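Beneath this line is the structure, given in structure tokens, with notes to follow.
The values are calculated or read from the model by the stated rules, or taken from the named source; none is laboratory data. What you see is a predicted model, and the numbers here were worked out from it, not measured in a lab. Don't worry about glycine lacking a Cβ; one is built from the backbone with ideal geometry, like all the others, and counts go over all protein chains shown. In case anyone asks, the SASA skips ligands and DNA or RNA and just uses the protein heavy atoms, side chains included. Shrake-Rupley method; radii C 1.70, N 1.55, O 1.52, S 1.80 Å.
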Amino acid sequence: MMPKAMFRSAGGAAVLAFVAVVFQGPALAKAADPGTAAHHRVVLPAEVTPDHYRIDITPDAKALTFKGDVEIDLTVHQATDRIVLNAADIVIDSAALGGEATPPAISYNEKVQTATFAFAHALKPGSYTLSLAYRGKIYQQASGLFALDYGAAAGKARALYTQFENSDARRFVPSWDEPGRKATFQLTVTVPADEMAVSNMPIASTDALAGGMKRVRFAETPKMSSYLLFFGLGDFERIHRDVDGVDVGVVVKRGDRASGAFALDAAAHILPYYNAYFGTPFPLPKLDLIAGPGSSQFFGAMENWGAIFYFDRDLLIDPRVSTQGDKQGVYITVAHEMAHQWFGDLVTMAWWDDLWLNEGFASWMQLKVTDHFHPEWKVWLQALQEKQFAMQTDARGGTHPIITPIDDVLQAAGAFDEITYLKGAAAIRTLESYLGEDAFRAGVRRYMHDHAYGNTVTDDLWAEMDRGSTRPITQIAHDFTLQAGVPMITEASARCEGGATTLVVTQGHYAIDPDSTAARVWRVPVTAAVLGSPPAKAVASGERPAPITLAGCGPLVLNAGQTAYFRSRYSADGLAAITARYGALTPDDQLGVLNDTGSLARVGEAPMSAFLDLTSRFKTLAADPVVIQAAANWLSGFDDLYEGLPTRTAFRAWARSVLSPSFARIGWDKAPGESDNTALLRASLIDALGNFDDPAVVAEAKRRFVGFAANPSSLDAATRRSVLGVVARHADALTWEALHVLAKAAKTGLERQELYDLLGAAEDKALAARALDLALSGEPPATTAPEIIRAVSFLHPAMAFDFAVAHWDQVSRLLEPTSQARFVPELVGQASDLALIGRLDAFAAGHIPPTARQDLIKAEATIRYLAKVRSERLPQVDQWLRANGAADPGA
Ligand SMILES: [Zn+2]
């Protein structure tokens, strides 16, 4: 699954608003012990397991219901008088077991979402077939079988899709809905003859029926987990091509063919690469990428085997409105879900404890393949920002180990977070870099080969890596996956002698708040170098000094290449030396030094002046676009904290002086032959300078908007969203209404969603309030309404929070169940006002179950941290600004 990772903030900047933890209990900070965790698991009894499902579904899209019949071939392993399986929101009208004359008694347990079939006597071990006739619901948010409505050429249209991860297949078919209960599936559907039906496998047969209906039977799937089953139905079109003998297709709503071409090209590149990398070719005859209109507050795409679902904006590229960032995002999302076709679908975690095996791996693999085909996008460099994001969460209260004990499926929903995805990916990169690319790939191939169609735990992967290896990784891997937190490597001393440097480092713990400061020991693979000389490696562990001998003398670089997951803390002299030669560092190391220095300065572990001196260098440094973008993000982060403070004016003037020279170099319009990432940077700088009230940028954006209103093609797609973002942020009532008219008239779903989001971006409080009212007016599409509230929360967290709480009955109906515990904490999750904590608690007491509060805990930890930075660090920034003559707003 791809969480809703890249939320476009109203200003157009990509803001990581990662799916946060939902149903996770608080006691997860301790290392997982799979042995004891198993005792608490709520799982189905093991006496009976499924082998094969024959499912027959007739949806009634209009009535939002469906009828189903299923025959389940199953094995009774031990005599039992009952069969227990999962079912939720399903009514079973009849049940029969082959060979049994009397039908079983049916009972339900709604709490654990099971149905029990009780027999008058014990069933002997052996093979049976259970036949059920049942009815179910079609939902209007993305869980189970769900409907998405949209405007089509012929009026309102409705399409159906399914979303089962982590545990909603039970809303579609009574089933053993746990990842370890693999079986084969054969789906048949009775549907309108003029609509296209899609599932995991190709269509085996179609029969015309009376009344404009047809019966479509899909080929049988390989053995797989229930959460990977898919069914889609609608007025679709499909573009496709043969790739390595696999029929690869993109399925879109009628009229969207052209927008699917980019994703089809991406998939056609990626499939042969994965076939080679994994050493096991994609095992299904076809692979569809299916786009659906709308959005979810929980996820962007889902890796159903052979039938990957994406929301439109995660798959479609519309040349009129899609930015360079959108293109990279689509490519990466396609790569992520395709990686799951192996990691997750072919080999699946036995239980949700090991969800990271799916998600951390796919999040790493997406970068590896994208870097292979698009090295110019520098996705590894960009991923350093994601690592930074994961580290900030991992250093605060509410974090958890990558491998986390999960007791039940509700708690599993909470595991889809930045620790599982981003720290997971960073841990894999740390290990690959330590082991070497070839040895790591060989281990992955053995793992795929040995466990195909099966289930695993994480140690199965490490065992394959260590088999025959001279450099075992299991212990290091355990340190990074079984305990929470961010290791810190400190430069203890460095001595130059005879043309070589002896660097001594120690390992500590980078932590932001008291909840997370306990001493922790990791075995950390450290790569270090003297600037310009080859690197050397060592493993540092605990306070024991680890000496590393480096060729050459001069400024030192810790974590050279930045491939490992740890914070680097330089000595004062070391930091001064590396800052003085900052321009000579590689972009990766520039970004690493920037993020480490900024993060340490924000918690008082490095002088704020060191960070500001470093940032000042961007006035004259022609750095990589990604690095400049990161500097802009840091400045925007500080600017947010200045909300309401009189010294904000001086800070903004200085921030503009840092970024303006870079913007002057690249200008407003694309230059011939410029890199794709220059376009990304241009958008970021327009966003940032617009946020800092740069008069020239705001005036030019407004001028371009006037031209755009008269002639929409006057703005090119690459800067369109940023220009509109600056205008929306600075909007007056007339401009806001002009954007509103554009939103109502939008030709495509992508454009409509973008413009409605922008209506929530105004600084003006009265306009923000209008946007909130608009969200619930019934005018915007149902799944867009929560997005507008979220857009308002960026500049007006308290207002968005109060509104959502006051209208919770209405708002909660617009959210799928998996998002309900998360939505409100996220609205204030980047705020710095301590008063919000009490209000959050009051809301939680009535609306968030105690076991679903992990996201709340994280949001509150963030608010405390940001409030502390605001009160303790901003005065240091002000002091530095005065000392450097930057306090004059005219500077
Ligand atoms: Zn995923």
Quiz prompt | 24 Å Cα-Cα reach of K868 towards lysines, excluding residues that sit fewer than 8 places from it in its own chain | solution = K387, K858
Practice problem: Past 28 Å, Cα to Cα, is the threshold; run K4/K286; K137/K327; K378/K670 against it and keep the listed order. | Solution: K137/K327
Practice problem: For an R0 of 45 angstrom, estimate the FRET efficiency from the Cβ-Cβ distance between T206 and A664 and round to the nearest 0.05. | Solution: 0.15
Quiz prompt | Probe 1.4 Å, protein heavy atoms only - accessible area per residue of the chain in square angstrom | solution = 35 Å²
Quiz item: For region 738-855, treating each Cα as an identical point scatterer without solvent, what Debye log10 I(q)/I(0) comes out at q = 0.10, 0.19, 0.23 1/Å?
Solution: -0.29, -0.98, -1.33
Quiz item: Nearest 0.05, what FRET efficiency do A105 and T129 give at R0 = 22 Å with Cβ-Cβ as r?
Solution: 0.75
Exercise. Extending each Cα 7 Å along its Cβ direction at E779 and K67, get the distance between those two points in nm, one decimal.
Key: 4.3 nm
Quiz item: Can you list, bin by bin at 20 Å, the percent of alpha carbon pairs in the chain, starting at 0?
Solution: 14, 48, 32, 6, 0
Exercise. Quote to one decimal, in nm, the extra length available between Q876 and R495 on full extension: 0.36 nm per residue of separation minus the C-alpha distance between them.
Key: 133.9 nm
Quiz item: Sorted by mean Cβ packing within 10 Å, highest first, what order do the peptides 662-672, 696-706 take?
Solution: 696-706, 662-672
Quiz prompt | Full-extension gain in nm, T586 to A153, via 0.36 nm per residue minus C-alpha separation | solution = 150.7 nm
Quiz item: For E376 and E437 in the same chain, what is the full-extension length gain: residue separation times 0.36 nm, less their Cα-Cα distance, in nm?
Solution: 19.9 nm
Quiz item: Residues in region 73-89 near a label at E220, defined as backbone nitrogen under 17 Å from the 7 Å Cα→Cβ point?
Solution: 73-75
Quiz item: What is the set of long-range amide H partners of L287 at a cut-off below 5 Å, with H atoms built 1.01 Å from backbone N?
Solution: D247, V248, G249
Quiz item: Say each of W808 and D247 gets a label point 7 Å from the Cα, pointing the same way as Cα to Cβ; how far apart are those two points in nm?
Solution: 5.0 nm
Quiz item: Any idea what the relative contact order of the chain is, in percent, if you count C-alpha pairs under 8 Å spaced at least 6 apart?
Solution: 12 percent
Quiz prompt | Percentage, to the nearest whole number, of Cα pairs in region 73-184 over 25 Å apart | solution = 32 percent
Exercise. List the aspartates and glutamates whose Cα lies under 17 Å from the Cα of K744, skipping any in the same chain that are fewer than 8 positions away.
Key: D149, E754, D757, D773, E779, E787
Quiz item: Just how large is the dipole of the chain about the Cα centre, in debye to the nearest 20, putting +1 at every Lys and Arg Cβ and -1 at every Asp and Glu Cβ?
Solution: 1000 debye
Practice problem: Arrange the peptides 58-70, 325-337, 599-611 so that the one whose residues have, on average, the most other Cβ atoms within 10 Å appears first. | Solution: 325-337, 599-611, 58-70
Quiz item: What figure in square angstrom, to the nearest 10, would you give for the accessible area of K223 with a 1.4 Å probe?
Solution: 100 Å²
Self-check item: Which of H40, H269, H340, H451 is most accessible, then next, and so on - probe 1.4 Å
Solution: H40, H269, H451, H340
Practice problem: Could you tell me whether region 350-409 comes out rounded, prolate or oblate from its Cα gyration tensor? Rule is a ≥ b ≥ c as square roots of the eigenvalues, rounded for a/c under 1.5, then prolate if a/b exceeds b/c, otherwise oblate. | Solution: oblate
Quiz item: Carbon and sulfur together cover what percent of the accessible area of the chain at a 1.4 Å probe radius?
Solution: 54 percent
Quiz item: Once phi is turned into ³J(HN,Hα) by the Karplus curve 6.51 cos²θ - 1.76 cosθ + 1.60 with θ = phi - 60°, what whole-Hz value does each residue of region 308-320 show in order, with x for glycine and proline?
Solution: 6, 9, 9, 6, 2, 6, 8, 10, 9, 10, 9, x, 7
Exercise. For region 273-280, take each phi angle, set θ = phi - 60°, evaluate the Karplus expression 6.51 cos²θ - 1.76 cosθ + 1.60, and give the result in whole Hz per residue in order, putting x for glycine and proline.
Key: 4, 5, 3, 6, 4, 7, x, 10
Exercise. Report, by chain and number, residues whose modeled amide H sits under 5 Å from the one on A540, excluding near sequence neighbours (fewer than 5 apart, same chain).
Key: V524, V526
Self-check item: 20 Å reach of a label modelled at A671, 7 Å along Cα-to-Cβ, counting backbone N of region 309-347
Solution: 324-325
Practice problem: Quick one: which residues, 5 or more positions from D81 or on another chain, have an amide H under 5 Å from its amide H? H modelled 1.01 Å from N in the peptide plane, none for Pro or chain starts. | Solution: L123
Quiz item: Once label points are set 7 Å from the Cα along Cα→Cβ at both T649 and A733, what is their separation, rounded to one decimal in nm?
Solution: 2.7 nm
Quiz item: Under a straight-distance cross-link criterion of Cα-Cα below 20 Å, which lysines are reachable from K182, leaving out those fewer than 8 residues away in the same chain?
Solution: K223
Quiz item: If r is the Cβ-Cβ distance from A699 to D640 and R0 is 25 Å, what FRET efficiency results, to the nearest 0.05?
Solution: 0.60
Quiz item: So what J values fall out for region 441-453 if you push phi through Karplus, 6.51 cos²θ - 1.76 cosθ + 1.60 with θ = phi - 60°, rounded to Hz, Gly and Pro as x?
Solution: 4, 4, x, 4, 5, 4, 4, 5, 5, 6, 10, 3, 6
